[in-house]
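The values are calculated or read from the model by the stated rules, or taken from the named source; none is laboratory data. Note that this is a predicted model, so its numbers are computed, not measured. A quick note on method: Cβ atoms are made from the backbone with ideal geometry, for glycine too, and the neighbour counts reach across all protein chains shown.
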Amino acid sequence: MCPGSLRAHRFLEPPPKPTCTDTTSHGLPSIHKRGYAGAVLTDLVQIRQLTEMHRADTLAFQRHLAAHHYPDGPFRILARTVEQQIDCTACANCCRQTRVSLSEAEIATIARYLEIESSEVVRQYTIPDADNSSARVLRHSKDGCVFLDGNLCMVYEARPRACQEFPHLSVSTRSLGSRMSSVFRRAGFCPIVYNVLESYKKLIGYHPHPH
Ligand code: SF4
Ligand code: SF4
């Protein structure tokens, strides 16, 4: 694989602590008092199967959210709470399932970290982006991202911003409504997203209609 010693996984830094756990000001009940972010499901096979099995319910939930315009604050707080409950170093599934595109500055950062030229990073570790021929994405092997070793990122300190912020729930400045499809798409492979959405249903009192 690529040079560079094993350092740390992308997620070894703990996510920021929630600054507020009481969401009553948003018109929704407190996350912690009601235990919405309780036990989490982390089994990737189970998560994929449940997501496939409940595809119609998920679509209905997505439509419900689109129609109701809930405030974003409680969703972000819930996301931070769930992020603290899940050990990403035991998962790393996003490094296997997603493609990371790179800016020139991010390529230069990786090059400095590996002590090679940017052109070498491009040549060895990237391929053209299928959606934009002038852009580059990180190369994948059958085991995921070219920089993934087991569950560890070999360029952790120099990883691109998309990797630092994945799954983009608590840190994104965009509202849930404006990025609903991408959030729901990630629920099938990311335990954080899956558990946040399941807990969010409870938080807002959503009950699926029987088919
Ligand atoms: S897929 Fe989600 S839970 Fe798994 S490592 Fe990535 S961010 Fe963490
Ligand atoms: S650079 Fe690759 S291995 Fe590292 S965090 Fe990003 S996707 Fe994962």
Task: Residues of region 136-160 satisfying the condition of being exposed (fewer than 14 other Cβ atoms within 10 Å of the Cβ) and over 14 Å from Ala111 (Cα atoms) - done: Ser141, Lys142, Asp143, Gly150
TODO: Collect the residues in region 85-106 that are of a type in the set (S, T, N, Q) and within 12 Å of ligand 1 (Cβ to nearest atom), keeping them in residue-number order.
DONE: Gln85, Thr89, Asn93, Gln97, Thr98
Task: Residue within region 166-173 that is in contact (Cβ under 8 Å) with a residue 24 or more places away in the chain, more than 13 Å from ligand 2 (Cβ to nearest atom), closer than 30 Å to Arg80 by Cα and not small (Gly, Ala, Ser) present - done: yes
TODO: Need at least 1 residues that are touching a residue at least 40 places away in the same chain (Cβ under 8 Å) and within 30 Å of Tyr125 (Cβ to Cβ) per element, so show me which helices (runs of 4 or more DSSP H) inside region 45-110 make the cut, counting only ones lying wholly within it.
DONE: 72-85, 94-97
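Would you confirm whether or not region 120-139 contains a residue that is within 15 Å of ligand 1 (Cβ to nearest atom) and not acidic (Asp, Glu)?
Yes, the conditions are met somewhere in region 120-139.
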Task: Condition check for His54: exposed (fewer than 12 other Cβ atoms within 10 Å of the Cβ) and either over 20 Å from the mean Cα position of the chain (by Cα) or modelled with pLDDT under 90 (or both) - done: no
Task: Positions within region 140-153 being touching a helix residue (DSSP H, G or I) at 6+ places or on another chain (Cβ under 9 Å), within 16 Å of ligand 1 (Cβ to nearest atom) and either free of Cβ contacts under 8 Å to residues at least 12 places away in the same chain or not polar (S, T, N, Q) (or both), in sequence order - done: His140, Asp143, Gly144, Cys145, Phe147, Leu148, Leu152, Cys153
- [ ] Kindly indicate whether Gly188 is over 30 Å from Ala67 (Cβ atoms) and within 14 Å of ligand 1 (Cβ to nearest atom).
- [x] no
Open item on the list: Looking at the structure I just gave you, is Ser119 modelled with pLDDT of 95 or more, loosely packed, with under 15 Cβ neighbours inside 10 Å, more than 16 Å from ligand 2 (Cβ to nearest atom) and farther than 30 Å from Tyr70 by Cβ?
Closed with: yes
TODO: Inspect all residues belonging to region 112-127 and state whether any of them is part of a strand (DSSP E or B) and touching a residue at least 12 places away in the same chain (Cβ under 8 Å).
DONE: yes
Task: Residue check for Arg136: under 30 Å from Ser119 (Cα atoms) and touching a residue at least 12 places away in the same chain (Cβ under 8 Å) - done: yes
